[in-house]
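Structure first, commentary second.
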Amino acid sequence: MTTGTTTSVRLTGISKSFLGVPVLRGVDLQLRGGEVHAVMGENGAGKSTLLKVLAGVHRPDSGRIEVDGGEVSFAGPSDAQRAGIAIIHQEFTLLPHRSVAENVYLGREPVRRMQVDQRRMEADTRELLDWLGEDGIDPTVPVSSLSVAQRQVVEIVKALSTDARVLGMDEPTAALADHEVELLYDLVRRLRERGIAILYVSHRMREVFDLSDRITVLKDGQLVTCAPTSELTSEDLVRHMVGRDLGEYYPDRAAPDDLGPVRLALRGAGNARVRDLNLEVRAGEIVGLAGLQGSGRSAVARAVFGVEPFTRGAMEVDGAAHRVTRPRTAVRLGIALVTEDRKGDGLALRQSVRDNALLVRRAALRGARSRAKSDVSALLDKVTVVARGEHQEVRFLSGGNQQKVVLAKWLAVEPMVLLVDEPTRGIDVGAKRAVHELLRDLAKRGVAVLMISSELPELIGMSDRILVMHDGALAGELPAGASEGAVMALATGHGIGDVA
Amino acid sequence: MTWRPRLAEGTAPALLFLLLLLIGLAIVGPAYSEPAGYLALLKRAAPLMILAIGQYLVIVSGGFDLSVGALVTAGVVIAARLIDGNNSATAWVIPLVLGFGLLVGLVNGLITTKLLVPSFIVTLGMLLVLDGATFLWTGGAPRGALSEGFRMFGRGSADVPVLGAVPWSVLILLAILVAAVLFMRGGTGRALVAVGDNEATVRLAGGQVDRLRLLAFTLSGLLAAVAAILLGGFAGVSAQVGNGLEFRAITAVVLGGVLLGGGRGSVVAAAAGALSLEALFTLLNLLGVSGALKSAVQGVIIIVAVAYASLGGGVRQRLRLWPKPRDSVRSAQPASS
């Protein structure tokens with residue numbers, strides 16, 4: 001595995017259809033050892049299908065796969081694994097209660113005297129970790145004690161332990177906090193130095209420019225371009241991906257006379273996770289809430305919404321003090337929460353678009369019942385959901401469309417305070433823009449929006465003011481258009497004295 | 001756009017299966033060449049269909065109700081003992097039996113939602129408690145007798161204009177089925193299915209998850225009491241009247257394509273599943289298959305139906321890889337501003 005030979009994998013003219021619908025059309029892709037090759041494209045462009053063809057999950061309808069110059073054919077993932085190809089999926093596949101070493105060798109445990117050779121397993125795992133330069137991880141500790149970033153390392157070690165020389169990574173930073181992303185960058189660079197070929201699938205422009213040597217853009221299953229990263233600009237990429245110019249622009253910010261009365265106010269509010277919160281959000285403005293993962297930004301939204309209520313201080317909605325101890329109360333006060341985990345608690349995935357859009361209305365309001373047929377279609381039009389119809393189950397929709405359904409669900413009850421947590425996580429460029437426009441439009445109609453985001457360009461581009469959290473408390477406030485550096489300085493705990 | 005009946009996933013195969021069975025009956029059994037035969041089948045199937053409707057409410061919201069068989073037995077035995085052949089007692093015993101079912105369902109629901117005991121365990125415990133209590137109370141042989149007025153609902157017929165004599169049980173079944181369909185179409189019914197799909201989502205939408213679950217268990221108990229009244233009238237008093245009905249009801253619901261674990265399935269299909277089960281037993285009977293095979297057949301059905309559902313899940317997984325549909329009813333353009 002540590003041999004210096006450069007591997008290369010070449011895919012030529014790969015096509016794949018599902019039930020007559022072409023998903024990949026004659027795509028070429030070449031991966032070389034020691035090179036990070038990024039694949040970008042909107043949702044549905046064929047990125048994950050391409051990854052799955054490489055991993056042996058799908059057999060291409062036509063096209064060649066060559067590994068080190070010889071043509072191969074994968075009947076299943078185990079064939080691909082034998083050829084040295086492994087995929088790190090978005091969802092981790094580790095068993096939390098087993099040790100790192102046990103996870104790495106799961107199903108392939110070395111045996112000695114009819115027993116699992118624990119010592120050898122741990123020694124081999126340690127060797128791999130050292131090789132990667134990740135000696136901070138102890139092979140004997142349970143995976144549940146590791147951070148998300150460390151778990152990702154274990155996933156990668158697991159792949160390397162099968163002698164993988166080609167790694168496919170599907171949105172590897174999606175689950176990581178900002179400071180962990182840097183660690184991943186280092187890791188990817190180290191893998192590259194050690195001759196591993198990396199296929200890097202990502203939505204995030206910055207990441208791709210920071211890491212990759214070469215970029216392939218797919219659109220509607222076809223290869224649009226494949227060029228060295230140094231020859232591309234982000235404007236080029238966006239144009240290639242969406243087929244139109246769609247830069248990093250954001251809707252216009254609120255003008256001073258757009259601002260209305262204070263809708264949401266916290267006065268010294270706190271609970272076990274956050275403390276001493278003093279903030280106001282006015283009708284008509286979008287207030288950004290920044291902070292590193294674990295700084296308490298999501299905890300603020302959850303507390304306002306009554307999931308983990310405030311235990312100290314006061315909260316005012318439209319000028320009147322309220323104690324909100326459960327979501328139902330919050331909803332009835334006109335507060336809405338778009339959570340960061342769309343699939344986990346934002347949608348009922350097996351229910352139809354219509355049922356999801358009407359869920360809040362039906363679940364939280366009395367007597368509102370289901371008398372709203374025309375309303376629903378108007379609502380779905382407003383958020384520009386693309387679905388086969390109102391009765392399609394939401395799990396079949398793309399991430400962007402699912403997020404629009406989540407927004408529709410709240411718009412159905414016309415909230416006055418909208419809390420959004422990572423509103424555009426994992427959705428494609430076009431949907432992102434639609435969500436941004438929708439949020440601004442709501443603000444214009446007098447909704448007070450509190451937006452949490454770990455994507456700084458989005459946060460800065462959208463917010464009329466930015467509040468930054470650090471370690472459970474507000475570290476300071478920045479005006480519209482503040483620099484990323486200023487936000488990060490506050491978020492990491494520097495410069496608190498300067499601003500506050 | 002052409003009109004297409006909108007069926008919940010898994011409903012169409014259930015209805016098709018029922019249709020095949022009914023055709024099979026018409027071929028094999030001479031009694032099924034005219035409507036009266038089917039009416040008799042429906043009458044026989046009515047208690048199970050009502051139980052299946054109750055079971056559906058619990059299953060679709062993510063639970064199980066194993067106590068309904070024991071509840072049916074308890075309902076019949078209590079009614080026989082209290083009425084003891086005295087027709088005038090019927091008027092207060094019927095509400096009492098219904099109230100008893102409601103109460104048992106309420107207790108099931110409260111323990112499940114407030115003490116956070118899995119419903120499988122709660123209702124299994126309730127099954128044993130009811131069985132034991134019934135045995136203790138009757139000493140093994142139920143005493144007393146049901147009145148004519150009580151038995152009328154299970155075996156009598158009402159004169160309906162145009163249609164002529166229609167069994168009471170069929171009329172009651174239809175009324176319950178219509179009510180159930182309307183309920184499931186309404187906001188509360190849809191929220192109940194959503195609870196079975198993703199409880200956290202409903203809670204964060206401001207829904208009262210515990211109350212919805214409680215409602216499902218209570219209605220299941222109430223419907224089991226209705227089934228007890230019909231079965232008591234139809235089959236008479238015995239300490240075995242409800243034996244195994246909970247599993248038959250679950251089989252029926254699963255046969256109707258309802259997802260175990262909740263979140264998907266239609267109430268009509270669940271009722272159709274119960275009718276299919278009854279029709280299947282009748283068909284096997286006509287074909288000379290031993291009645292002793294009944295539970296074996298039921299066992300095979302429940303495994304095959306669940307296997308089919310999970311297999312279907314695999315197929316759907318593959319469908320999921322389809323690209324975003326472009327032939328949509330809505331515009332794909334971002335909102336213009």
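General remarks:
- Relative contact order of region A:123-208, pairs being alpha-carbon contacts under 8 Å that are 6 or more residues apart, as %: 32 percent
- Cβ-derived FRET efficiency at R0 56 Å, A:Tyr249 paired with B:Asp210, nearest 0.05: 0.75
- Rounded to the nearest 100, the interface formed by chains B and A buries 4100 square angstrom of accessible surface, both chains summed, with a 1.4 Å probe.
- Virtual spin-label span in nm between A:Asp257 and A:Asp276, 7 Å along Cα→Cβ: 3.9 nm
- Considering helices alone, the calculated mean residue ellipticity of chain B at 222 nm is -23500 deg cm²/dmol, with DSSP H runs of length four and up weighted by -39500 (n - 2.57) and normalised per residue.
- Look at the dipole of region A:256-499 built from charges on Cβ: of A:Ala434, A:Phe396, A:Ala336, the Cα furthest out on the positive end belongs to A:Phe396.
- Hits among aspartates and glutamates - C-alpha to C-alpha of A:Lys16 under 16 Å, sequence gap 8 or more where chains match: A:Asp28, A:Asp61, A:Asp220
- Here r is the Cβ-Cβ distance between A:Leu106 and B:Glu34 and R0 is 56 Å; the resulting FRET efficiency, rounded to 0.05, is 0.30.
- Theoretical FRET efficiency, 1/(1+(r/R0)^6), r = Cβ-Cβ of A:Glu414 and A:Ser483, R0 30 Å, to 0.05: 0.25
- Positive dipole terminus of chain B, leading residue within B:Leu39, B:Gln240, B:Ala80 (C-beta point charges): B:Leu39
- Heavy-atom accessible surface of the protein assembly as shown: percent carbon and sulfur, 1.4 Å: 56 percent
- For GluC sites (Glu not before Pro), the sites in region A:42-142 that DSSP calls loop and that have at most 13 other Cβ atoms within 10 Å are A:Glu91.
- Highest mobility in the GNM of chain B, judged by mean-square fluctuation with C-alpha springs under 10 Å and restricted to B:Leu277, B:Leu115, B:Leu214, is found for B:Leu115.
- Here is the list for region A:411-473: trypsin sites (Lys or Arg not before Pro) lying in DSSP coil, each with at most 13 other C-beta atoms within 10 angstrom of its C-beta, are A:Arg445.
- For the protein assembly as shown, with +1 on Lys and Arg beta carbons and -1 on Asp and Glu, the positive-most of A:Val57, B:Ala225, B:Ser266 along the dipole: B:Ala225
- Solvent-accessible area per residue for the protein assembly as shown (1.4 angstrom probe, square angstrom): 42 Å²
- Peptide A:341-348, shielding by other chains (average Cβ, 10 Å cutoff): 5
- With the simple model of a label 7 Å out from the Cα in the direction of the Cβ, A:Arg388 to A:His322 spans 4.0 nm.
- Dipole moment magnitude, nearest 20 debye, region A:411-487 about Cα centre, only Lys, Arg, Asp, Glu C-beta charged: 240 debye
- Candidate residues A:Arg204, A:Arg59, A:Arg25: accessible-area rank, largest first, probe 1.4 Å: A:Arg59, A:Arg25, A:Arg204
The values are calculated or read from the model by the stated rules, or taken from the named source; none is laboratory data. Note that the structure is a prediction, hence the values are computed from the model and not measured. Counting neighbours? That spans all protein chains shown, and the Cβs are built from the backbone with ideal geometry, glycine included. The protein model used for the area step is the full one, side chains on, heavy atoms only, and it has no ligands, DNA or RNA in it. Shrake-Rupley method; radii C 1.70, N 1.55, O 1.52, S 1.80 Å.
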